[in-house]
Structures are given as structure tokens and as C-alpha cells.
1. Taking the stretch 62-94 as the search range and keeping residues that are within 18 Å of G29 (Cβ to Cβ) and of a type in the set (S, T, Y), which one is modelled with the lowest pLDDT?
2. Within the set of pairs 6 or more residues apart or between chains, which connect a residue that is closer than 24 Å to D297 by Cβ inside the stretch 497-523 to a residue that is basic (K, R) and surrounded by fewer than 22 Cβ atoms within 10 Å (Cβ to Cβ) with Cβ atoms less than 9 Å apart?
3. Which of the residues that make up the stretch 51-72 are in a loop (DSSP other than H, G, I, E, B), out of contact with any strand residue (DSSP E or B) (no Cβ under 7 Å at 6 or more places or on another chain) and either over 14 Å from L276 (Cα atoms) or among the hydrophobic types (A, V, I, L, M, F, W, C) (or both)?
4. Among the numbered criteria (1) open to solvent by less than 30 Å² (accessible area, probe 1.4 Å); (2) touching a Leu at 6+ places or on another chain (Cβ under 6 Å); (3) under 30 Å from A509 (Cα atoms); (4) not in a loop (DSSP other than H, G, I, E, B), which single criterion is violated by T413?
5. Give, as residue ranges, the strands (runs of 3 or more DSSP E) completely inside the stretch 154-266 that count at least 1 residues that are surrounded by fewer than 16 Cβ atoms within 10 Å (Cβ to Cβ) and of a type outside the set (V, I, T).
6. Could you check how many residues of the stretch 449-472 are in a strand (DSSP E or B), open to solvent by 10 Å² or more (accessible area, probe 1.4 Å) and over 30 Å from G250 (Cα atoms)?
7. Look through the stretch 310-328, keep the residues that are more than 23 Å from A546 (Cβ to Cβ) and open to solvent by less than 20 Å² (accessible area, probe 1.4 Å), and return whichever of them is modelled with the lowest pLDDT.
Amino acid sequence: MTRRNLLASTVLFGLLGAPAMAGTLYVFGDSLSDDGNLYALTGQPPAPYYQGRFSNGPVWVEYLPSLTGLGFSAATDYAYGGAFTGDLTVNGTNYGTNLESAALPGISTEISGFAGAGGHFTASDVVTLWGGANNYFLYAELAQANPANAAAYVAEGVATTISQLTTDVGSLIGLGAQTLIVPNMPDLGVTPLFNTSAQGIALGDAFSVNHNLYLPIEMATLHQNTGANIIVLNTEQLLNNVVASPATYGFTNVTQACIAVAACVTGTTAQQNQYLFWDSVHPTTHAQDIIAQYAADSLLGYQNLAIPAQLGTSVVTTFTGLLDQRLSALANGASGASYTLGGMSASAPLPDHGISLFLSETGSFGAQATKGQDTGFTSSLETTTLGVEDHLSDTLVAGLALGYASASASPKTAGSVHDDALEFGLYGAYSGPAFYARLSGAAGENWYKAQSPAYLGGAVTGKPSGLSLAVQGAAGYAYAFSGGLSAGPELGLIYSRVGLNGYTETGDALLTKQVIAQTDQQLDATAGLRVSWAGALGGWQLTPTALLGADVPLSGSNGDFTAVFTSEPLVPLTIRYPHRQSAWAIYQLGTSVALGQSLSAQAEVGGTVFRTGGNDVSLSGGLTWRF
């Protein structure tokens, strides 16, 4: 498969939502992540290596920013070729911190240097740490020189490396890192350094298998103790997939080092990229690109997991909002059969007692900004509602409604989320001479389809289902003034609870996740001033209304749930719902115009203002035929 084909899924999902993560990418590690740091100090590696990289082109962390939207520069890459995970002493001999030269930087000194210069991370930054291979190269040399002690060297090497890596990751978390990518160890036994003999393959395999056995355990403990999310990329499985099916990934040679084959090393970059390995241990830039796509899709897919519940909350609260609008219309004497375009409740007057029907069709759109670890997205929603109510007295009305909603969200990173929901609602109102009160509630079943990109094309798909519940109430007092004008305060509460059953995604096994059951619940208070007027203007009968107020979240801003990648099931990730600000402004402006005895027109605009997470806007208009 060509590189163009490998990028096809990223382009497709980019059309749905271009990658736009907030924050900066910071890089620590060894030659797999070094973008020229060692070369700047020592001139190594020279040509034909690409501009000081240990490859024939850019390394994976240089591809990652364009795939995610993360900020990146050479100044945020601290990796050095040859880096050990820490200061390494074996059999009483101290080998320092770097395989190339004891005095050169290792991963622990990369981190301490960053901290010593005042470095720290924000909640939106992503930090990568890939290391350990250089430790094993040293231990492998010692094991090959003394085969009888090979098992002991493997055990000691893995124990030391995992311990130092755990300390390194802990240090990064201590500097503020909340999202980290820590790849595991590729299968060293398939690299040209080890794959030429059965003994070499067995030794390389032993280091990788044991490293990858203990790394997830330690990363899970760090997550439990600190709350930081650590994505352990399963590069062992990725490399084995490539070796098992080279053509799928665009390779023709997965056993030899390109640099050791004259026809390859002197060929074009495209010809070189048909090889998996550039030298005895380092991948070509094409392989580096594949690693970057795997990392990007892992990162973006996990960050999108909070969107379905947010979309479900919008669906159920919009439905109760429609019922609340219906009650507002009834409070002004409206009832009867009605049809609404774009969300305006419009109906025909009937006697004070009796049965009335209404049909409403509404549409809205909104946005959630990318901030910190919160993934931004745009959304749209269409809701069809059929209701029937009984006018119990001059002041009391009660009804029930059935609604169908179709909602979609396009994350600003990548992917898509869709929700089909069937809602059942109950609503009622009291309307006195001045005091009024409204109450509406809804329960529904939601069926979601969430997709995130997979680097080999197609998508990783999750299809959770769940129940939603919302209750909305308001009460106010309308002071009557001369000339048909009335105004007064209105207070309200809105409660919502959306639950998703646990589910497991389908698609690429390296990217699928198992997501536990989750619940997102919120309680908001609203307060505002409602003003209305009824009269004639220029021969037209008008009833304009306006509500200006504030929405104050009372609870529900700190919920979270857990997921794991199925390829690394021991390492949990905690997904948090967006933290909401303390308050924001809300508005509703609308009017109804009588066009004749049986026909009227309505228009309304409503939404939020000063909400830092993104504002919602609803534009609506309708015609009413009364009979």
C-alpha cells in the first residue's frame, strides 16, 4: 500500500473535522525520536542519514503534529540518539547515560535539564517518551559475550529499564504532564541486528516480551496514583503486523537494512521506503510515518469518547425545552393543532377546556471549543415532536408528547458521532393572573454511532446505547403595564442525566477500545427577565417576547469514566467531561405576526453569550394555520 493510500482515512476524517488539538507536543527519548539533537553535538549520524536523523527522513514525532494539530518545534524535542533510560551500571561498570558516549545526555538527564530550565507542561500538552532499546543493546552485547548468563542479563536489563522508565514518566507527570504517549518495545528479534540467527532472534524476543509484560503494569500504577493518562502504543504488535503482511503497509523488504544494500541506499526515497528498516535497528521514514499515524489515531480516538454523552444531553434537554416552549404558548392562551418550522411553537386558540394537538419540527446548531483536554466539536440537531394535551381548567393544562431526534457532531480533531433518539415526555403548567409555573420531563432511548479514524483506512466504530432523562421547570411573575406590556422575573432549573451502556469498539485491533458504562449528569439554574407585548403596529397584530438572563451550572462539571485500548487492556484511561464555566448569558427574542384570521407567522432567535466553551445558536421561523 502506498503512503497516499495510508493517509486516505486521515484525509477523509479531516473533511469531517480537521485535527485541531490544543497544546504543544514535547518529546523525550532516544534515536527513534531524535530530530537532530545528537547530530548537533557530535555530527552523528552522518550522511546518508537524513539531516542528523537516525533514518532516511523525518522521525515519527515530526509527522505527529500535522496529524493532530499539536504545536511543535525543534525546541520541544529533547530526545538524543543513544540515550539510556537512566544512569546504567552493569557488573560494577558504569556506562553513563548514553550508549554512544557515557557523558552524552540520557532520558533522565533530558528530563532533569528540562526541569532545571524551568520547564513545565500545561493540561493541553502531549508528552512522548520512547526509550529502553539502548539499554537492551548493551545487555545483549554482554549476553552474547557470556551466553550462559543470558537469562540473568535479560532479567536484570528488563528490571532496570522498567524501573528507570517508570521514574522518568513519573518525573514528567510531576512537571505537569497529564497526557503521555509511551510506546512499548518493538520486537527486537525481527530487526536486522538480531534476525540473522536463531540465538539472536531468541535474545531480542526475550528483551521485548518481558519489557512489554511489565511496562503496562507500571504505567497502570502511575495512572492510578496520579490520574495522568498514559497511552501505551503497542509497537510490538504493529511491527509484527507489518512483518506478517508487508504489502499491506507498502513494504517489499522487512528483513534487511536498506543502508547495507547498495541498490537501496543509493535509490530514491520512495525506493528506500519499500524497506522497513533503514539500518540494523531504525525504521525508514515511511515506517516512522506509520507509527505517527498509529499514535495520532490512538490519541484522537480516545479524546473523542466523551462526545456521545454530551450529544445525548443536548438531545434530551432540547426536547424538554420544546415542551417548555409549548407550555409558554399555552400560558398565553394558545392551543389546538399546530405546525412549527425551525422550533417556534405555534398553535391555534381553542376554548378553555378540551383536547389539543401539536406537531413541531425544530433544528439547531452549536459548538464546543477545544480547551485543555476537552475536545471541541460542532453539532447539529433536528427534532420532531407530536403532543396531545388536556385543558383541565382555566389555569391548568397537562400533556404528553413523543419525539424523534437525529443529532450529529463533528469533532475538531477527527471522526464523527451520530445519535438517534426516541423521547417520551410529560408536561404541565399553571397560569394565574400574574404568577405562572411550568414543568416538563422526558425520558428516552439513545442509539449512538461514533467513528474515529484508523490509519489503514476505514474507521474504528463504537455503537453504544443508553437512556436519557431530563426535567425542566420554570416559574415567574408577570407585572402588567399599560399598553399591553408585561414584564417580570423568571427562575428555572434544568436537570439532565444521560447514561451509556458499556461497549467495545470494532475495527483495527490496535485502535479499538473497551469503554465502561458511563453517566453524565448536570443541574443548571436559570434566572432572567421576561418581557412581552401584545398590540398592533402599522396594521399588524404583534406579540413580541424577550427573555434575557443567565445560566448557572450547579453541578455536573467533574464527571469521568474509564476506557482501555484492547491491545493494552491493563492501562486504563480516564476520560473527563468538559469543565464548565461558572455562568453565561442566555437570550430568547421572538415575535408572532397575525397575517389574517387563520394565518400567522413567527420568528425567533435564541442562544448563549459569553460561554467560553462555545456558544449555541437557534434560528427559527414558522407559519400557523388556525382552525
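1. If we take residues in the stretch 62-94 being within 18 Å of G29 (Cβ to Cβ) and of a type in the set (S, T, Y), then T68 is modelled with the lowest pLDDT.
2. Matching pairs, first to second residue: Y503/K463; E505/K463; T506/K463.
3. If the condition is that a residue be in a loop (DSSP other than H, G, I, E, B), out of contact with any strand residue (DSSP E or B) (no Cβ under 7 Å at 6 or more places or on another chain) and either over 14 Å from L276 (Cα atoms) or among the hydrophobic types (A, V, I, L, M, F, W, C) (or both), then Q51, G52, R53, F54, P58, V59, G69 are the ones that fit.
4. Against the list (1) open to solvent by less than 30 Å² (accessible area, probe 1.4 Å); (2) touching a Leu at 6+ places or on another chain (Cβ under 6 Å); (3) under 30 Å from A509 (Cα atoms); (4) not in a loop (DSSP other than H, G, I, E, B), T413 comes up short only on (4).
5. Result: 253-257.
6. The qualifying residues number 6.
7. F319
Yes/no matrix, rows are residues, columns are (1) part of a strand (DSSP E or B); (2) more than 30 Å from G415 (Cα to Cα); (3) open to solvent by less than 60 Å² (accessible area, probe 1.4 Å):
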site: A474; (1), (2), (3): yes, yes, yes
site: G492; (1), (2), (3): yes, yes, yes
site: S496; (1), (2), (3): yes, no, yes
site: L511; (1), (2), (3): no, no, yes
site: Q521; (1), (2), (3): yes, no, no
site: T526; (1), (2), (3): yes, yes, yes
site: L529; (1), (2), (3): yes, yes, no
site: G549; (1), (2), (3): yes, yes, yes
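The values are calculated or read from the model by the stated rules, or taken from the named source; none is laboratory data. Treat the numbers as computed from the prediction; the structure is a model and nothing was measured. Virtual Cβ from ideal backbone geometry, glycine too; neighbours counted across all protein chains shown. Ligands, DNA and RNA are stripped out before the accessible areas are found, and what is left, the full protein with its side chains, is counted by its heavy atoms. Shrake-Rupley method; radii C 1.70, N 1.55, O 1.52, S 1.80 Å.
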